[in-house]
Amino acid sequence: MTETELRDRLEPLLNRHPFVPIRVDGDAGPITIISNPYRVDLFEGTLTIHHKDEGRRPVAVVKAEQVKKLVPFDELPGEPGCLSYREFHELYRSLSRATPFRSFEVELIDGRRLAVEKQGAIRVNGRFAVADRDTDGKSVLFPVAGVVSVSVLQPAEVA
């Protein structure tokens, strides 16, 4: 892509609300992922993605001509055996915002099952989510790409 083509394709994707992570693809496949719209610069034909915790240190530097396409995660299929990014978000949003709230469960590809018994117990940010754990007090960070299913718990299953 030229710098102008990249800018024209990138700007609307960076300005989506809510933001959806973007996979940057080259000839040989994925190059990098844009997880935060505020950490991206496109200047003089170079796309730079900065590290989230260390100021302006670059994580990836890609020449515009190396980029063949930009793919928002909600256009990608899920990992084998898992929900797609779009499927997870649609289920998660509908269940977490339901009135009245009903407990639901998130099953992960590693076999863990996370019971969500109150609104706000899961927070999703880009490619990852954090679930509160009431039993041991620790939170669980998991990739959205590793979600096998999201299902409503029956009253007898909640305890």
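Quick notes on this one:
- Using only side-chain charges placed at the Cβ, +1 for Lys and Arg and -1 for Asp and Glu, the dipole size of the chain relative to its Cα centre rounds to 320 debye.
- Extension gain, Glu11 to Leu76, is 21.5 nm, computed as 0.36 nm per intervening residue step minus the present C-alpha separation.
- Taking a sphere under 11 Å around the Cβ of Gln66 and counting the other residues whose Cβ falls inside, with K and R at +1 and D and E at -1, yields a net charge of -1.
- What the phi angles of region 14-19 give under the Karplus curve with 6.51, -1.76 and 1.60, with θ = phi - 60°, is a coupling list of 6, 9, 5, 10, x, 5 Hz, glycine and proline written as x.
- Residues considered: Pro80, Pro72, Pro143. Largest GNM mean-square fluctuation over the chain, using C-alpha springs under 10 Å, is found at Pro80.
- Net lengthening on full extension, Ile33/Lys138 (0.36 nm per residue, minus Cα-Cα): 35.0 nm
- Computed over region 1-149: relative contact order in percent, which uses C-alpha pairs under 8 Å that are six or more apart: 19 percent
- Principal axis analysis of the Cα atoms in region 85-157 yields extents of 29, 28, 20 Å, listed in decreasing size.
- Cα gyration tensor, region 6-60 - rounded (a/c under 1.5), prolate or oblate: rounded
- Among the lysines of the chain, pairs that are 8 or more positions apart or on different chains and have alpha carbons within less than 29 Å of each other number 5.
- For the residues Asp25, Asp41, Asp110, a GNM of the chain with alpha-carbon springs under 10 Å puts the largest fluctuation on Asp110.
- Student exercise, region 3-75 dipole from Lys, Arg, Asp, Glu Cβ charges, in Debye to nearest 20: 200 debye
- Taking every alpha-carbon pair under 8 Å whose residues sit at least 6 apart, region 3-75 reaches a relative contact order of 34 percent.
- Whole-Hz ³J(HN,Hα) from phi, Karplus 6.51 cos²θ - 1.76 cosθ + 1.60, for region 106-118, glycine and proline x: 10, 9, 9, 4, 7, x, 5, 10, 10, 7, 10, 9, 8
We did not get these values from a lab; they are worked out from the coordinates using the rules stated. These numbers come from a predicted model, not from an experiment. Glycine gets a Cβ as well: all are built from the backbone with ideal geometry, and neighbour counts include every protein chain shown.
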